[in-house]
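Worksheet: the structure to be examined is printed underneath.
The values are calculated or read from the model by the stated rules, or taken from the named source; none is laboratory data. What you see is a predicted model; the values in this text were computed from it and never measured. FYI the Cβ positions are ideal-geometry reconstructions off the backbone, even for glycines, and counts take in every protein chain you see. Calculation scope for accessible area: heavy atoms of the full protein, side chains included, ligands and nucleic acids excluded. Shrake-Rupley method; radii C 1.70, N 1.55, O 1.52, S 1.80 Å.
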Amino acid sequence: MYDVIVIGAGPAGCIAAKKLGESGYKVLLTEKMSLPREKSCSGILIPKSIQMVEKEFGKIPESVFSHPPINQGIVINSAHGKEYRFESEGYNIWRNLFDQWMSLKAEYAGCTLQTLTSATVCEEEKDHIRVTFARMPAVKGGNDLKNGKPEIFHEKARIVISCDGASSRIRRDILKSPSDHIITYQTFCKGSIDLDYGFFHAFLDPQFSQYDAWFNVKDEYLIMGVGVKDASLMKHYHSKFVSYLKSQHNAQIDSFEKEEVGLMPHITPEFRVDLGKGRVLFAGDAAYLLNPMGEGISSALASGSAAAEAIKTEFASGSDVNPSNVLNTYESNLKGEIEYMIRQWKFLSTISPEFRSFQNNAHRFP
Ligand SMILES: Cc1cc2nc3c(=O)[nH]c(=O)nc-3n(C[C@H](O)[C@H](O)[C@H](O)COP(=O)(O)OP(=O)(O)OC[C@H]3O[C@@H](n4cnc5c(N)ncnc54)[C@H](O)[C@@H]3O)c2cc1C
């Protein structure tokens, strides 16, 4: 029996597992992919993320940085073409290497890390949770989840933290509700453009996306991306966005290197933050915590950390775990983070009609 099972080794899962592991609890951190795994992400750590990561994991190693290593901030181009420049020094990292570094730190802190191990079901039993896992055989060369027959097994824990990302299977199963997503599509090309490589550039003109479009640079790659609700339109919007970058910003594409599809939670006015049910807490994207322009690493770290602290408080009380105590403490630990998120969404609503409804509906957040 584990004290805690943490599902998903992204930022939310790694910080939660590390905090609990180093406090002496028996922790299982499971990840469905082999590590390092790819995660579609611009890889920008805002100062808040850097502060949390360095406090918990130590100095971020140079090996995880992409070039330029410093992100100088974000330039938001409103739906009416007005430019808002926010300067703030962050880091530019590769998520596969960054997340692997954090997961190894969690392992060194005493957690058991199991990769290629996907949690499929969480079942509440009398005084614990029973988690079913499917473990794929390791195959040479990485993450071939379709290769081979999975081994099915079960583990028990007093509490589970589900940090399994935007499409969280565990959240969907427990809340019996489908996830609501934005699908992201980005291409990596070599070439040149007249936008400042030090900044992340967001474009809110609805001609280019159903959410936002963006440009940023990592190593030798020019990355151009769009967010859509309807996956069948992603290439259509992307091609309009690229044409705009060619005509208005002198984008020259010498070679196409790769494309990437990802998911992020779709934050809508009707949206509620669900932080868990019974003995299962949700953190990070699985809890639908996301800041405007898709910045989610800081809220993943903050929620993973707040979930771990809530569990530590309950375990320290010495009695049997009372799941509602844990959930209440978790919600109260995260109150400041959610208020910060609301302020950000409200600001965005002032510069883009797509997000305007947030202004009047922010009270729907708990
Ligand atoms: C295109 C794009 C660009 C972005 N750019 C930025 C950015 O620049 N800066 C920023 O702060 N945020 C960015 N984000 C958002 C950020 O990537 C997420 O908010 C963040 O990764 C959330 O962390 P997490 O730990 O909740 O989930 P994730 O990082 O998604 O980690 C979840 C982990 O769980 C694993 N998993 C899934 N299901 C299971 C299962 N059943 N069992 C076991 N393991 C499982 C997954 O393999 C994954 O490793 C971006 C997102 C997208 C899509």
**In the stretch 1-37, residue most open to solvent (accessible area, probe 1.4 Å) [restricted to those that are of a type in the set (D, E, K, R) and near the ligand (Cβ under 9 Å from one of its atoms)]** = 32
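Results for (1) closer than 22 Å to residue 130 by Cα; (2) out of contact with any Ser or Thr (no Cβ under 6 Å at 6 or more places or on another chain), shown as yes or no for each residue.
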position: 262; (1), (2): no, no
position: 278; (1), (2): yes, yes
position: 287; (1), (2): yes, no
position: 316; (1), (2): no, yes
position: 335; (1), (2): no, yes
position: 340; (1), (2): no, yes
**Item:** Complete set of residues in the stretch 11-36 that are touching a helix residue (DSSP H, G or I) at 6+ places or on another chain (Cβ under 6 Å) and more than 24 Å from residue 318 (Cα to Cα)
**Value:** 11, 12, 14, 35, 36
**Message:** Checking the structure you have, find out if any residue of the stretch 100-120 is farther than 29 Å from residue 341 by Cβ, away from the ligand (no atom under 14 Å from the Cβ) and either part of a loop (DSSP other than H, G, I, E, B) or touching a Ser or Thr at 6+ places or on another chain (Cβ under 6 Å) (or both).
**Reply:** yes
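Please work out if residue 235 is more than 27 Å from residue 90 (Cα to Cα) and surrounded by 13 or more Cβ atoms within 10 Å (Cβ to Cβ). Outline the logic, then answer.
Details: more than 27 Å from residue 90 (Cα to Cα): yes; surrounded by 13 or more Cβ atoms within 10 Å (Cβ to Cβ): yes.
The answer is yes for residue 235.
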**Request:** Say whether the condition of being open to solvent by less than 10 Å² (accessible area, probe 1.4 Å) and under 17 Å from residue 295 (Cα atoms) is met by at least one residue in the stretch 107-129.
**Result:** no
**Request:** Tell me which residues, restricted to the stretch 260-296, are open to solvent by 10 Å² or more (accessible area, probe 1.4 Å), near the ligand (Cβ under 6 Å from one of its atoms) and assigned to a helix (DSSP H, G or I).
**Result:** 285, 294
**Test result for residue 169, more than 25 Å from residue 295 (Cβ to Cβ), assigned by TED's automatic domain parsing to the domain that holds residue 348, open to solvent by 30 Å² or more (accessible area, probe 1.4 Å) and basic (Lys, Arg)** = no
**Residue pairs meeting the criteria (Cβ under 8 Å; at least 6 apart or on separate chains; first part of a loop (DSSP other than H, G, I, E, B), in the stretch 206-225; second open to solvent by less than 10 Å² (accessible area, probe 1.4 Å) and of a type in the set (Ser, Thr, Tyr))** = 219/66
**Request:** Kindly establish whether residue 309 is modelled with pLDDT of 95 or more and either open to solvent by 20 Å² or more (accessible area, probe 1.4 Å) or in contact with an Asp or Glu (Cβ under 6 Å, 6 or more places away or on another chain) (or both).
**Result:** yes
**Asked** So, in the stretch 77-99, of the ones that are within 14 Å of the ligand (Cβ to nearest atom) and among the aliphatic types (A, V, I, L, M), which residue ends up most open to solvent (accessible area, probe 1.4 Å)?
**Response** 97
